[in-house]
Amino acid sequence: MYICVCDYTEKAETSLFVHIWVVVNKRENNGLKPMDAEQLRENAHKMVDFIADYYKTIENFPVLSQVQPGYLRELLPDSAPTQPESLQHIFDDIQAKILPGVTHWQSPNYFAYYPSNSSIAGFLGEMLSAGLNIVGFSWITSPAATELEMIVLDWLAKLIKLPDDFLSTGQGGGVIQGTASEAVLVVVLAARDNFLRRVGKNALEKLVVYASDQTHSALQKACQIAGIHPENCRMLTTNSTTSYALSPIVLNEAISNDITSGLIPFFLCGTVGTTSSTAVDPLGELGKIAKNNGMWFHVDAAYAGSACICPEYRHYIDGVEEADSFNMNAHKWFLTNFDCSVLWIKDRTALIQSLSTSPEFLKNKASQANMVVDYKDWQIPLGRRFRSLKLWMVLRLYGLENLQSYIRNHITLAKNFEEFVTQDPRFEIVTPRIYSLVYAVNSTGKIFISHTVLSGTYILRFAVGAPLTEESHVNAAWKVLQDEASALLSTSLG
Ligand SMILES: *Cc1c(COP(=O)(O)O)cnc(C)c1O
């Protein structure tokens, strides 16, 4: 039974309503103790054992799930249970019904799309975050959540040598978003509103966004949400002569044409490590063009940004001084369990002006006095998890040197693989049939790779970056590819 007490106290000056909800569980009929510490200990230990065993046996599963669409509906009841079931019963179902429908992103034989790193440190941080289960939208809702996020993102900014303007000690700062898509959306909104404040709201349909045709579709989605006219999204053509990087000449031309037609260039997105070809846009030159035209310059380094902790790869983001915002996904290649996408911005006021609201029920002294960061004003949702714990654990439990060798090892493995491919002329021949090859390889369940299209040609994508991947896995993967290529060539020739 629930008792609800609503006490409406009208305060003279603020007309503040105070709601007091008293929730009483009627214990006689209902033994539910959803957060009994001893039950938690017992059950969570079992879950940790289950997950540890999963990692121990992860190579026994087909990497790409082999189930057919709708498989699960046949295996599970039509409605939720009325009476409680045992944890053991649920574990049995996970084994028999859920795991077959899982694609094993943490398998050492996973080479598709991009990596999504887990680690013990990331897992422990995730566990603590789930355990505390705070909702840290304003500083006051958990001061440690806000302050740790600011500190850890300043640490990370220093590790990849971002300019000081991005640090929280000045006008800028970092914020953890769920994904790179949310990161680019919030900066498009900030840039749009910044512009419209100056030129007037009616200009919305004239605003133009620029990026290369290799830019992640997240930008297009952001433009759709931000109300940018669909015809004003310039996805400028790239080609193999510039290794699919955006050419400053092409950008300049497009901007001049648009200005001549009375349109308003306002946003440029450069990418470091594009999804199809890992192209690196020339940030310095692009950034100068953006600055000359009063545009916002965002850098998307979602995948490749992590490599910049190694001095020998830092040059990929040379020119980032010109950027207004910079994003990398710590959940891709930085051992931080999903999700943790880090966005740094030079002028936090621009974000806050676009995204802040201040309803009466959230007002508090610290916020009113402007003494604190309230991350609710830096993101789309109100609620937010204590995600910086994961990154903090990763940085502290591993340390910079280990993280650098982690990245270097993957790059060496990828280079080995490149050697294999360039030494095998059949892979030129197979090119027109890459799609069938990818399909055949993934059907074996031994490895999982993906494909893309560049200049009209199907390309096989082989992304090395799973935490468990070792040299032996890359060698074995090459063997699978060779075997399937031979089989494909012999059937199509025979
Ligand atoms: C992965 C990736 C994205 C999209 O990532 P989400 O975090 O899933 O939104 C965007 N841009 C680049 C360059 C990426 O590698």
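The distance between label points at Glu231 and Asp53 comes to 6.2 nm (points 7 Å beyond Cα on the Cα→Cβ vector).
Consider a paramagnetic label point 7 Å from the Cα of Trp155 along Cα→Cβ; state which residues of region 402-418 have an amide N under 18 Å from it. Taking a point 7 Å out along Cα→Cβ of Trp155, the residues of region 402-418 whose backbone N falls under 18 Å are 402-407.
With a sphere of radius 13 Å drawn around the Cβ of Val48, what net charge do the other residues whose Cβ falls strictly inside it have (Lys, Arg +1; Asp, Glu -1)?
Once all neighbours under 13 Å are counted, the net charge is -1.
Looking at the chain alone, DSSP beta bridges between its own residues are antiparallel in about 50 percent of cases. Database remark: amide H of Leu454 closer than 5 angstrom to the amide H of Ile459 (H placed geometrically; neighbours at sequence offset of 5 or more, or on other chains; Pro and chain starts carry no H). Relative to one another, the C-alpha centroids of region 133-212 and region 278-303 are positioned 16 Å apart.
The length gained by stretching the chain between Gln66 and Asn133 to full extension, at 0.36 nm per residue less their Cα-Cα distance, is 20.6 nm. Checked against a 25 Å cut-off, the cross-linked pairs Lys288/Lys376; Lys161/Lys365; Lys97/Lys332; Lys346/Lys415; Lys161/Lys291; Lys56/Lys446 give Cα-Cα distances beyond that limit for Lys288/Lys376; Lys161/Lys365; Lys97/Lys332; Lys346/Lys415. Dividing the summed helix terms, -39500 (n - 2.57) for each DSSP H run of n ≥ 4, by the number of residues in the chain produces a 222 nm estimate of -13000 deg cm²/dmol to the nearest 500. For the chain, the calculated P(r), taken from all Cα-Cα distances in 20 Å bins from zero up to the bin holding the longest distance, is 19, 48, 29, 4, 0 percent. Length gained on full extension, Asp318 to Lys221: 32.2 nm, using 0.36 nm per residue less the C-alpha separation. Each residue of region 301-306 was assigned a 3J(HN,Hα) from its phi angle through the Karplus curve 6.51 cos²θ - 1.76 cosθ + 1.60 (θ = phi - 60°); the sequence is 10, 3, 8, 7, x, 4 Hz, with glycine and proline shown as x.
Taking Cβ atoms as reference points and 12 Å as the exclusive limit, the residues near Tyr375 contribute a net charge of +1, counting Lys and Arg as +1 and Asp and Glu as -1.
Neighbours of His89, meaning other residues whose beta-carbon lies under 15 angstrom from its beta-carbon, give a summed charge of -1 when Lys and Arg score +1 and Asp and Glu score -1. Peptides 152-163, 197-208, 172-183 ordered by packing proxy, namely the average of other Cβ atoms within 10 Å per residue, highest first: 172-183, 152-163, 197-208.
Across the chain, the relative contact order, built from alpha-carbon pairs under 8 Å that are at least six residues apart, equals 21 percent.
Of the chymotrypsin sites (Phe, Trp or Tyr not before Pro) found in region 175-245, not one falls in a DSSP loop while having at most 12 other beta-carbon atoms within 10 Å.
Rule-based calculations on the coordinates, nothing more; no lab input. As the structure is a prediction and not an experimental result, all values here were calculated from the model. We place every Cβ from the backbone using ideal geometry, glycine too, and count neighbours over all the protein chains shown.
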